[in-house]
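Each reported figure results from applying straightforward, stated rules to the coordinates on display, with no laboratory input. This is a predicted model, so every value here is computed, not measured. Virtual Cβ from ideal backbone geometry, glycine too; neighbours counted across all protein chains shown.
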């Protein structure tokens, strides 16, 4: 039980999430950590101004669905793609703002309270590496996708005497080639980057939260398996009585840890469901539209790179969310086995009888199906991810 930590000492997890909270704050998210991220009034006013600009940007995406008519096949497809996906993406930020208190409580419980009771350093290291790796890959995929649209617009200017159009918006007009219109289009491209930075901040937050939750169940397994260490050395009668008493208290602590982890799972359902559900809707629609664009648009290397990078970004982001949520179910199902292997068989009567009853109740609770859901009904797992990817192709086949 060397990993027990009764003191409120910062661990790797708290340090990691504290640093990430500062990055999320720069990305436009509210403070989600126990430590305040201090910003001056100028930053706060700038943040509000940017938020207003982002909502105007999304409104222009929606309005363009009803305005422009003389569009190329690619522009028409992009109009549908962004006109549908951007309103959903901005709900990620709205949902987080609405649930920011719940998210702060969840991170505090998951990364501080539970870690102060028991923290397996090996599990913690794997958790941080996985969270950092997934977030980095996701961020790089988004950068590649956004850059490909900018590169495509530059190619249109250089070789086709076109305009710098990355996102089709209601204003300026597609056929307006004035200098002021070009400046506005560049500004729109910058706002699009800021918009996706904020969306990416929410996505990496949800990815890291689900990674931390699945590894908390791993941490629980480690706790129960390590209870065997209490009975490692044989001793006299009095020594065995002390070990039994110590085991009983440690088992109660473990059951409380399990109860708190289940609470974290329920909180994750509340705080993450908007993002997970929205991402599934975005995945199905965007992949269908990208396949349609691949069939109908001009077959050039730049178009192919744009479609490929965007497809990878969508599939990666959805996959990272659903895979980690699926890991929560898998790791939670292994906790009852760890409880059973905690060393209860070392106890003698009457302690043994009391422990068995306690374990039966705890294992019964642990055997209940733990799952995160999207839209309140769809179980998130590796299997459901494959089904959603297949459904995108099926929907495209029917429509096309």
> With r defined as the distance between the Cβ atoms of residue 175 and residue 369 and R0 fixed at 60 Å, what FRET efficiency is calculated, to the nearest 0.05?
Replying inline: 0.60
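How would you rank 282-290, 178-186, 364-372, highest first, on the average number of other Cβ atoms within 10 Å across their residues? Spell out each step's value before the answer.
Values: 282-290: 21.2, 178-186: 13.6, 364-372: 15.9.
Top to bottom by mean Cβ count within 10 Å: 282-290, 364-372, 178-186.
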> What's the center-to-center distance, using Cα atoms, between region 295-366 and region 149-164 in Å?
Replying inline: 45
> Expressed as an acute angle from 0 to 90° and rounded to the nearest 10, what is the orientation of the C-alpha long axis of helix 73-98 relative to the principal long axis of the chain?
Replying inline: 40
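Using Cβ counts within 10 Å as a stand-in for footprinting exposure, how do 223, 92, 189, 133 rank, fewest first? Could you put the intermediate results ahead of the total?
Working: 223 27, 92 23, 189 17, 133 12.
The order, fewest Cβ neighbours first, is 133, 189, 92, 223.
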>> Please list, in order, the residues from region 21-52 whose amide nitrogen is less than 12 Å from a point placed 7 Å along the Cα→Cβ vector of residue 132.
In response: none
> Roughly what angle does helix 301-333 make with the longest principal axis of the chain, taking Cα atoms, 0 to 90 degrees, to the nearest 10?
Replying inline: 20
>> Just to be sure I understand, if you calculate percent of Cα pairs over 30 Å apart for this structure, which of (1) 60; (2) 49; (3) 56 do you get?
In response: (2)
> Taking 0.36 nm per residue of separation and subtracting the Cα-Cα distance, what length does fully extending residue 31 through residue 229 add?
Replying inline: 67.2 nm
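Restricting to Cα pairs below 8 Å that are 6+ residues apart, what does the relative contact order work out to for the chain? Please round to a whole percent.
Details: 444 pairs, mean separation 91.3, N = 400.
Once normalised by length, the contact order is 23 percent.
Highest first, please rank the peptides 204-211, 224-231 by the mean number of other Cβ atoms sitting within 10 Å of their residues.
Numbers: 204-211: 25.4, 224-231: 18.6.
Highest-to-lowest ranking by the protection proxy: 204-211, 224-231.
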>> Given points 7 Å out from each Cα along the Cα-Cβ axis, report the residue 12 to residue 395 separation in nanometres with one decimal.
In response: 4.0
>> Could you check the spin-label model distance between residue 147 and residue 253? Points 7 Å from the Cα along Cα→Cβ, value in nm.
In response: 4.9
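I need the peptides 383-390, 269-276 ranked by packing, meaning the mean over residues of other C-beta atoms within 10 angstrom, with the highest value on top.
Numbers: 383-390: 15.5, 269-276: 21.4.
Highest-to-lowest ranking by the protection proxy: 269-276, 383-390.
How high is the FRET efficiency between residue 193 and residue 356 when r is their beta carbon distance and R₀ equals 45 Å, given to the nearest 0.05?
Numbers: r = 60 Å, r/R0 = 1.33.
That gives a FRET efficiency of 0.15.
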> So for the pair residue 19, residue 341, with labels modelled 7 Å out along Cα→Cβ, what separation do we get in nm?
Replying inline: 3.3
>> Taking the 0 to 90 degree range and rounding to the nearest ten, how far is the long axis of helix 12-26 tilted relative to the main principal axis of the chain, both from C-alpha atoms?
In response: 20
